[in-house]
Amino acid sequence: MYTTKRMNMRKVKLLLAGLFICSMFACNTAENQKGMEDKNQVIETIMARRSIRKYKPQPVNRDTMKMILECGINAPNGQNKQSWEVRVVDSPELIAEAESAMVAANPGVDPQFVKGCFRGAPTMVFIANDPSYDFSPVDCGLLAENMMLSAWSMGVGSIALGSPVRFLENKPETAAFMQKLGFSEGYKLILCVGFGYADEAPAAKPRDFGKVKFID
């Protein structure tokens, strides 16, 4: 009889201990969920990212850039065609060569504007797309966005640039630089992204949520 009571008491204690552990787990889970809602790193990065137009002179560490590029090529893309090619230039001499070539190729445009179209970013990424695939421009945009968000999360600023494409494409004066980039035949430069360590902290510009609608 005594043994039976002892066993029953042990079961009660185990049951109470189990209930206590479950209640603690439930509380921790609720707190964690609340914490995730209050502080989501992905959302924080998206909301905090800014386009940077003033950079410190040092290029982005290549190990850091490799991680940024890895994030880029893991972007969603149509049929997993990965219809992009990416070239990274972090040599000041090569960037200066590109700037000089663009100035020579665009005599009707203010030379200071042309020369400054990289915004002083010490690391430039050139993205080419495959025009034979109609969704390729979207793929390249998703690639660039992944890169810019991952860069910001690691303390690296960035800016998406279209003007260098206009200044570089299909001009004899820039042919030597474009040849150095070595894009595959048929691929076309579609976007440039500058990377570097920010030398400014711009405020967020307003966004118009009125352009977003739920359709019932």
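The values are calculated or read from the model by the stated rules, or taken from the named source; none is laboratory data. Note that the coordinates shown come from a computational prediction; the quantities given were computed from them, not determined experimentally. Cβ: placed from backbone, ideal geometry, glycine included. Neighbour counts: every protein chain shown.
Here are a few things to note about the model shown:
- Among the residues of region 76-95, the ones that are farther than 18 Å from L161 by Cβ and buried (at least 19 other Cβ atoms within 10 Å of the Cβ) come to 2 in all.
- Evaluation of E99 against (1) part of a helix (DSSP H, G or I); (2) within 30 Å of N40 (Cβ to Cβ); (3) among the charged types (D, E, K, R) (one fails), failing number: (2)
- Unique residue being of a type in the set (A, V, I, L, M, F, W, C) and at pLDDT below 95 when the list is M9, M102, M67: M9
- Region 189-206 residues that are within 21 Å of V86 (Cα to Cα), paired with ones that are modelled with pLDDT of 95 or more and of a type in the set (K, R) (beta carbon under 7 Å, 6 or more apart): G194/R119; G196/K56; Y197/K56
- Only residues that are surrounded by fewer than 20 Cβ atoms within 10 Å (Cβ to Cβ), part of a helix (DSSP H, G or I) and in contact with a Ser or Thr (Cβ under 9 Å, 6 or more places away or on another chain) were counted across region 153-172, and they come to 1.
- Total residues in region 96-105 satisfying the condition of being over 17 Å from L161 (Cα atoms) and not aliphatic (A, V, I, L, M): the figure is 2.
- So F135, is it over 18 Å from A75 (Cα atoms) and among the hydrophobic types (A, V, I, L, M, F, W, C): no
- Of the residues V125, V109, the single one that is out of contact with any Pro (no Cβ under 9 Å at 6 or more places or on another chain), more than 21 Å from F183 (Cα to Cα) and of a type in the set (A, V, I, L, M, F, W, C) is V109.
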